[in-house]
1. Which chymotrypsin sites (Phe, Trp or Tyr not before Pro) in the range 50-134 sit in a loop by DSSP (not H, G, I, E or B) and have at most 13 other Cβ atoms within 10 Å of their own Cβ?
2. Considering only DSSP states other than H, G, I, E and B, which trypsin sites (Lys or Arg not before Pro) in the range 153-197 qualify as loop sites with at most 10 other Cβ atoms within 10 Å?
3. Which of the residue pairs LYS159/LYS195; LYS42/LYS98; LYS113/LYS182 have a Cα-Cα distance greater than 22 Å in the structure shown?
4. Name the residues whose placed amide hydrogens come within less than 5 Å of the amide hydrogen of VAL167, ignoring near sequence neighbours (fewer than 5 apart) on the same chain.
5. For VAL37 and LYS182, calculate 0.36 nm times their separation in residues minus their Cα-Cα distance, and state this gained length in nm to one decimal.
6. Could you tell me which residue out of VAL72, GLN142, VAL5 lies farthest along the dipole of the chain toward its positive end? Charges go on the beta carbon: Lys and Arg +1, Asp and Glu -1, centred on the Cα centre.
7. Could you calculate the FRET efficiency of HIS63 with LYS98 from 1/(1 + (r/R0)^6), where r is the beta carbon distance between them and R0 is 25 Å, rounded to 0.05?
8. Can you tell me what share of the DSSP beta bridges in the chain is antiparallel? A percent to the nearest 5 is fine.
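Values quoted throughout were computed directly from the atomic coordinates according to the rules given, and no laboratory measurement underlies them. Note that this is a predicted model, so its numbers are computed, not measured. Cβ placement follows ideal geometry from the backbone for every residue including glycine, while neighbour counts extend to all protein chains displayed.
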Amino acid sequence: LNSNVEAKAYLEQRALFDTELMTRFGIGFADGSLLEVIGEEKKTELVRIGILNEKDGSSSNGHVWEQFGNCVVIPLPDENGRIVGIYGRSIDDKSSFKHRYLKGTHKGIFNRKASAVYDEIILTESILDALSLIKLGLENVQSIYGTNGFTEEHLKQLKDDRVKTVVLAMDNDCAGRSASTKLKDKLAGEGFAVKEIYPLQLPNGADAKD
């Protein structure tokens, strides 16, 4: 990441580039060169994991590509600190494939340890939104995987850590407001006190990153 001018520029224009945060959360950049530096055995394993995609079972480089190529990548840990998920954000805003994950069920939670420390947790719609708030000094932040991305793992973590209040910081657009309403009802039904941040804090159409 530090050696890629375009990736750094992408994060800097969003006021997100911070060496300490990049190191803390293990944030990197997939520059598309992975196939040039691995052998066939490693390629097979990375296809199985989902780091690489393979078309029609072909093993030729022409039909294998990086799932997170040209993306800022953020690892997602389980409760034991093992990396079980990856989030990738394309640095090309015109890409039709901006948000990327490993195949299968979403696993892992960004800034997982926060809920063990704080009674109140802010939930954002995306990981970059959460990173924006952390950069501003709000450490009690975790994120879901988009508007419908609140998982049973998120719920279990909040319960296990005995979080009392959840602040929903979804995007202030139609999709975000709808998701916030549904999630508010779900969390309230699970016994959490729930607040919604967007009516007071976010301009129309904005997200936490803005």
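1. Here the chymotrypsin sites (Phe, Trp or Tyr not before Pro) that fit, given the DSSP loop and packing criteria, are PHE97.
2. Values: sites: LYS156, LYS159, ARG162, LYS164, ARG177, LYS182, LYS184, LYS186, LYS195; in loops: ARG162, LYS164.
Answer by residue number: ARG162.
3. Working: LYS159/LYS195 17 Å; LYS42/LYS98 26 Å; LYS113/LYS182 25 Å.
From LYS159/LYS195; LYS42/LYS98; LYS113/LYS182, over 22 Å: LYS42/LYS98; LYS113/LYS182.
4. Placed amide hydrogens put ILE121, ILE122, LEU123, LYS195 under 5 Å from VAL167.
5. Using 0.36 nm per residue and subtracting the Cα-Cα distance, I get 47.6 nm.
6. GLN142
7. For R0 = 25 Å, the calculated efficiency reads 0.60.
8. Numbers: 16 of 28 bridges.
Expressed as a percentage, antiparallel bridges in the chain total about 55.
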